[in-house]
1. Out of curiosity, is Asp87 surrounded by 13 or more Cβ atoms within 10 Å (Cβ to Cβ) and among the acidic types (Asp, Glu)?
2. For residues that are surrounded by 10 or more Cβ atoms within 10 Å (Cβ to Cβ) and assigned to a loop (DSSP other than H, G, I, E, B), scanning just segment 20-36, find the one that is modelled with the highest pLDDT.
3. Please determine whether any residue of segment 1-19 is surrounded by 10 or more Cβ atoms within 10 Å (Cβ to Cβ) and either closer than 27 Å to Ile109 by Cβ or modelled with pLDDT of 90 or more (or both).
4. Give the residues of segment 64-117 that are modelled with pLDDT of 90 or more and in a loop (DSSP other than H, G, I, E, B), sorted by residue number.
5. Can you say whether Leu45 is at pLDDT below 95, closer than 23 Å to Asp92 by Cβ and either surrounded by 15 or more Cβ atoms within 10 Å (Cβ to Cβ) or of a type in the set (S, T, N, Q) (or both), as far as the supplied structure shows?
6. Would you be able to tell me the number of residues in segment 65-111 that are among the charged types (D, E, K, R) and touching a Ser or Thr at 6+ places or on another chain (Cβ under 8 Å)?
Amino acid sequence: MSQPKKPAPKKPKQPKSKKVNVSVRAQWESLLKSVTKEEVPVELLESLTVNLIDGTKVNIDIKELISEGHKPREIESLINRRLSSLDNSIRDVDFFISIDSVVKTIQPITDKVLKDL
């Protein structure tokens with residue numbers, strides 16, 4: 001005689017993942033490359049490189065400054081003073097945006113706005 005079938009054990013519900021989807025990250029990276037950026041909030045910067053006329057590069061690690069406890073306003077003020085003092089020597093400045101910070105900051109707002117579409 002066969003035994004009655006046991007119901008399959010229920011799988012525990014998985015919480016919604018907080019991990020950044022690679023395709024979402026790639027979409028944001030593509031979007032940011034296509035937008036002209038006049039101003040970028042310090043909180044979204046990873047670092048910046050000041051390229052001087054003589055070929056010297058001055059790197060400023062924004063993420064490190066934030067992790068050390070510096071406030072974004074303080075960092076912005078420091079950068080502005082430094083750039084002003086080097087004004088005649090600067091060829092250009094490269095801003096490196098933290099895609100992960102952009103996704104973390106903006107994606108929830110985007111999701112909320114677009115949820116009913």
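1. Values: surrounded by 13 or more Cβ atoms within 10 Å (Cβ to Cβ): no; among the acidic types (Asp, Glu): yes.
Against the criterion (surrounded by 13 or more Cβ atoms within 10 Å (Cβ to Cβ) and among the acidic types (Asp, Glu)), Asp87 does not qualify.
2. Selected residue: Asn21.
3. So the first thing to find is which residues in segment 1-19 are surrounded by 10 or more Cβ atoms within 10 Å (Cβ to Cβ), and the list is none.
Scanning segment 1-19 turns up no residue that is surrounded by 10 or more Cβ atoms within 10 Å (Cβ to Cβ) and either closer than 27 Å to Ile109 by Cβ or modelled with pLDDT of 90 or more (or both).
4. Glu68, Gly69, His70, Lys71
5. Details: at pLDDT below 95: yes; closer than 23 Å to Asp92 by Cβ: yes; either surrounded by 15 or more Cβ atoms within 10 Å (Cβ to Cβ) or of a type in the set (S, T, N, Q) (or both): yes.
Yes; evaluated as a whole, the condition is true for this residue.
6. Just the residues of segment 65-111 that are among the charged types (D, E, K, R), to begin with: 68, 71, 73-74, 76, 81-82, 87, 91-92, 94, 100, 104, 111.
This time we only want the ones that are touching a Ser or Thr at 6+ places or on another chain (Cβ under 8 Å), so: 94.
Final tally of qualifying residues: 1.
The values are calculated or read from the model by the stated rules, or taken from the named source; none is laboratory data. Please read all numbers here as calculations on a predicted model, not as lab measurements. Don't worry about glycine lacking a Cβ; one is built from the backbone with ideal geometry, like all the others, and counts go over all protein chains shown.
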